[in-house]
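Novice: Let me begin by handing over the structure; questions about it come next.
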Amino acid sequence: MSWLGARIYDGVMRVAERRHIAAWRQELLVGLSGKVLELGAGTGANLGFYPKGLKRLVLLEPDPHMRARLQAKLHSGHLAAEVSEASAESLPFADHEFDWVVCTLVLCSVRDPEASLREIHRVLRPGGKLAFVEHVLDPSDERNRKRQRRYQPVWGLIAAHCHVNRDTRASIESGGFKLGRIEEQRMSIGPRIVRPMILGVATRSSI
Ligand SMILES: C[S@@+](CC[C@H](N)C(=O)[O-])C[C@H]1O[C@@H](n2cnc3c(N)ncnc32)[C@H](O)[C@@H]1O
């Protein structure tokens with residue numbers, strides 16, 4: 001993400017947050033407990049939704065411009081969290097260290113979603129949970145899927161390597177997680193290629 005991208009991120013997302021995403025963050029994060037790891041925490045859009053009393057909260061953000069904004073938000077609030085610059089594909093944590101991993105609008109951006117999910121699986125305890133909100137390859141509209149595939153090369157360039165053509169639900173399931181709660185949603189604003197969303201909670205298998 002460029003300096004400018006990080007600077008305008010919250011503003012660009014504002015209407016989508018108000019209409020949809022903030023409510024999804026709230027729904028998913030309210031029940032978290034124990035040790036929590038968030039990947040690609042960005043400018044800290046989830047900070048206001050974490051419940052009090054977590055045992056540990058670690059926020060990963062490899063991009064220096066996004067991380068600077070995340071740290072500024074943390075300093076101006078009351079939430080205690082550790083910040084790391086590590087990437088999802090190589091997590092500097094022991095096996096089974098966390099009770100929850102949080103990914104919101106991140107699996108679309110990571111370089112390697114399968115490697116990231118392997119790492120998430122490794123650092124979660126057996127029975128640990130992955131909470132996610134992601135925009136995805138359209139599950140029900142073939143025309144939009146074609147559009148997403150067609151525009152991906154351009155979209156990736158203008159949106160900091162974001163992918164609109166990823167079947168993240170399938171990747172989560174084949175990564176050793178059992179989908180518990182899953183909702184398919186469609187945002188009412190923004191380019192059609194980013195409107196299809198999934199949100200939910202998946203449980204790490206015990207092996
Ligand atoms: C679209 S932003 C989402 C930010 C935030 N999670 C949110 O919900 O608003 C994607 C974030 O993923 C981060 N990111 C990109 N590649 C990553 C990787 N390999 N590992 C972890 N985070 C990554 C980016 O730096 C960026 O902050």
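The values are calculated or read from the model by the stated rules, or taken from the named source; none is laboratory data. Just so we're clear, the structure is a prediction, and the values are computed from it rather than from any experiment. Don't worry about glycine lacking a Cβ; one is built from the backbone with ideal geometry, like all the others, and counts go over all protein chains shown. Quick note on the areas: whole protein, heavy atoms, side chains included, nothing else; ligands and nucleic acids left out. Shrake-Rupley method; radii C 1.70, N 1.55, O 1.52, S 1.80 Å.
Novice: Take the Cβ-Cβ distance between Ala115 and Ala94 as r, set R0 to 25 Å, and report the resulting FRET efficiency rounded to the nearest 0.05.
Specialist: 0.90
Novice: Where nothing but the Cβ of Lys and Arg (+1) and of Asp and Glu (-1) is charged, how large is the charge dipole of segment 138-202 around its Cα centre, in debye to the nearest 20?
Specialist: So the dipole magnitude of segment 138-202 works out to roughly 220 debye.
Novice: Over the chain, with every protein chain in place, what whole percent of the accessible area is carbon and sulfur at 1.4 Å, could you tell me?
Specialist: 53 percent
Novice: Among Gly156, Gly175, Gly44, whose mean-square fluctuation peaks in a Gaussian network model of the chain (Cα, cutoff 10 Å)?
Specialist: Gly156
Novice: Taking the Cα centre of segment 3-204 as origin, sum charge times position over the Cβ atoms of Lys and Arg (+1) and Asp and Glu (-1), and report the length of that vector in debye to the nearest 20.
Specialist: With only Lys, Arg, Asp and Glu charged at Cβ, the dipole is about 540 debye.
Novice: For His75, His65, what's the largest-to-smallest order of accessible area, 1.4 Å probe?
Specialist: Output order, biggest surface exposure first: His75, His65.
Novice: Take the residue pairs Lys35/Lys129; Lys52/Lys73; Lys55/Lys178 and return only those whose Cα atoms are more than 19 Å apart.
Specialist: Lys55/Lys178, as the Cα separations exceed 19 Å there.
Novice: Let me check I've understood the local charge: for Phe49, count other residues with C-beta under 12 angstrom from its C-beta, Lys and Arg +1, Asp and Glu -1. What total comes out?
Specialist: Value of the local net charge: -1.
Novice: Still on this structure, I have one more. Give me the percent of DSSP beta bridges within the chain that run antiparallel, rounded to the nearest 5.
Specialist: Within the chain, antiparallel bridges account for around 50 percent of the total.
Novice: What is the spin-label model distance, in nm, from Ala160 to Val30 if the labels are put 7 Å beyond Cα along the C-beta direction?
Specialist: Between Ala160 and Val30, the label points sit 2.9 nm apart.
Novice: To continue, here is another question. What is the list of residues in segment 63-97 whose amide nitrogen lies under 17 Å from a point 7 angstrom out from the Cα of Lys52, following Cα to Cβ?
Specialist: From segment 63-97, the list is 77-81.
Novice: Give the accessible surface of the chain per residue, rounded to a whole number of Å², with probe radius 1.4 Å and ligands, DNA and RNA excluded.
Specialist: Result: 50 Å² of accessible area for each residue.
Novice: A further question follows. Within 10 Å, Cβ to Cβ, of Leu79, how many net charges do the neighbouring residues add up to if Lys/Arg are +1 and Asp/Glu are -1?
Specialist: +2
Novice: Not counting ligands, DNA or RNA, and with a 1.4 Å probe, what is Val154's accessible surface area in Å² rounded to the nearest 10?
Specialist: Using a 1.4 Å probe on the heavy atoms, I get roughly 80 Å².
Novice: May I pose another question? Calculate, in nm to one decimal, what Asp10 and Leu179 gain on full extension: separation in residues at 0.36 nm each, minus their alpha carbon distance.
Specialist: My answer for the length gained is 57.9 nm.
Novice: For Arg111, what charge total do you get from the other residues with a beta carbon under 14 Å from its beta carbon, if Lys and Arg give +1 and Asp and Glu give -1?
Specialist: That sum, taken over residues with Cβ under 14 Å, equals -3.
Novice: What order do Asp95, Asp63 take when sorted by accessible area (1.4 Å probe), most exposed first?
Specialist: Solvent-accessible surface, decreasing: Asp95, Asp63.
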